[in-house]
1. Considering only the range 272-291, I want to know if a residue exists there that is under 19 Å from the mean Cα position of the chain (by Cα), under 30 Å from Arg150 (Cβ atoms) and at pLDDT 95 or above.
2. Just one of Gly245, Gly239 is surrounded by fewer than 20 Cβ atoms within 10 Å (Cβ to Cβ), touching a Pro at 6+ places or on another chain (Cβ under 6 Å) and not polar (S, T, N, Q); which is it?
3. Taking into account only those residues within the range 279-307 that are polar (S, T, N, Q) and assigned to a loop (DSSP other than H, G, I, E, B), which is nearest to Met232 (Cα to Cα)?
4. Quick one: which residue in Phe33, Phe53, Phe19 is modelled with pLDDT under 95 and either aromatic (Phe, Trp, Tyr) or touching a His at 6+ places or on another chain (Cβ under 6 Å) (or both)?
5. Taking the range 54-69 as the region of interest, how many residues are buried (at least 16 other Cβ atoms within 10 Å of the Cβ) and among the small types (Gly, Ala, Ser)?
6. Please give the number of the condition Asp166 fails out of (1) within 30 Å of Ala262 (Cα to Cα); (2) touching a residue at least 24 places away in the same chain (Cβ under 8 Å); (3) under 18 Å from the mean Cα position of the chain (by Cα).
7. Conditions first: (1) within 28 Å of Ala100 (Cα to Cα); (2) among the β-branched types (Val, Ile, Thr); (3) part of a loop (DSSP other than H, G, I, E, B). Thr276 passes all but one, so which condition is the exception?
Amino acid sequence: MSDLLLQPDHAREPLQASFSDEANPVGLDGVEFIEYATASPQALGHVLEMMGFRPVARHRSREVLLYRQGGLNIVVNAHDADPSVGAALGREAPAIGAVALRVRDARSAYRWVLERGGWEVPTHPEAMELNIPAIHGPGGSRIYLVDRWREFSIYDVDFVPIPSVDPRPPAVAGQHFFGVVQYIGPGRSYDWIEFYRELFGLEVIPDEQRFGILPSGKLLRAPSVDPDSRFMLQLIEPGLDVDDGRERFQRIGLGVPDVLAAVKALRALGMEFVETEAAHTERRGALTKTYLGGVVFELVHSERGGA
């Protein structure tokens, strides 16, 4: 058994009968938001705007901004007192501090993942704030479980819309969430594969199935209620000549129907892309330059929903 699946030492409530789908045990339905922890929110916001995101709402009580384009939500968290970003703020560069997964029922899903070894994260919401359950992810990050995203969402409670701003700006070049890249420690692929399979039903896809221009590591596909909301997780171990073995969410993959058109549109907004012999823009994908010491996006050819 993976050492990531150790049971916390306290009692568990019985599982609810609603989890009967073995292929999608918690009713995964895509990613609700990605959260960056940063001490430089304005600089990070500028990078996000070059990727087509626009600030649409502010948190009611914390230094947190919501950026959006189409169905993509990115939360920029600069609230120093928030324990959820403490580990990530230990670095000067912005870091992905959390990934929020849409689930059928957050309370039941939380019980399910704790029963299977997820490490719970105590939450401390302030007055009039939602208590969103979470477990530990790589490198001190969090994996949130969200069930409010349809007619009534988490943002309706915790955020205040920015006046005179379109709350749902269209996606530039059809961008949609494709997946997230996670760096893992040497020899840790099996541990993390078991973690995501046991808790969320992700499955490894064959090595010959690859997407984008950076095909290293292991690819896992998440189940989803809506096929257009499924996503990928890419696990990458460090190379033999790499000393940095820190585990973390490293970059976001964004799907686009036409990579070349998307690159052209984003370059018009100021975004720069890597153009080297090893990695360069082509119809399969493209990679942005690294901004602020740690922020990078990958474009992947995808009509919808993580291939």
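1. no
2. Values: Gly239 fails: touching a Pro at 6+ places or on another chain (Cβ under 6 Å).
After ruling out the rest, the residue left standing is Gly245.
3. Our first condition is that a residue be polar (S, T, N, Q); within the range 279-307, this holds for 281, 288, 290, 302.
Then keep just the ones that are assigned to a loop (DSSP other than H, G, I, E, B); that gives 281, 290, 302.
Working: Thr281: 21, Thr290: 21, Ser302: 12 Å.
For the range 279-307, the residue satisfying everything is Ser302.
4. Working: Phe33 fails: modelled with pLDDT under 95; Phe53 fails: modelled with pLDDT under 95.
Going through Phe33, Phe53, Phe19 in turn, the sole match is Phe19.
5. Counting residues in the range 54-69 that are buried (at least 16 other Cβ atoms within 10 Å of the Cβ) and among the small types (Gly, Ala, Ser) gives 1.
6. Result: Asp166 passes all but (3).
7. Of everything listed in (1) within 28 Å of Ala100 (Cα to Cα); (2) among the β-branched types (Val, Ile, Thr); (3) part of a loop (DSSP other than H, G, I, E, B), Thr276 misses just condition (1).
Every residue, every condition in (1) touching an Asp or Glu at 6+ places or on another chain (Cβ under 7 Å); (2) at pLDDT 95 or above, yes or no:
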residue: Gly70; (1), (2): no, yes
residue: Val76; (1), (2): no, yes
residue: Ala100; (1), (2): yes, yes
residue: Val113; (1), (2): no, yes
residue: Glu126; (1), (2): no, no
residue: Asp147; (1), (2): yes, no
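The values are calculated or read from the model by the stated rules, or taken from the named source; none is laboratory data. Remember, it's a predicted structure, so these values are computed and weren't measured experimentally. Cβ sites come from the backbone with ideal geometry, for glycine too, and all protein chains shown count toward neighbours.
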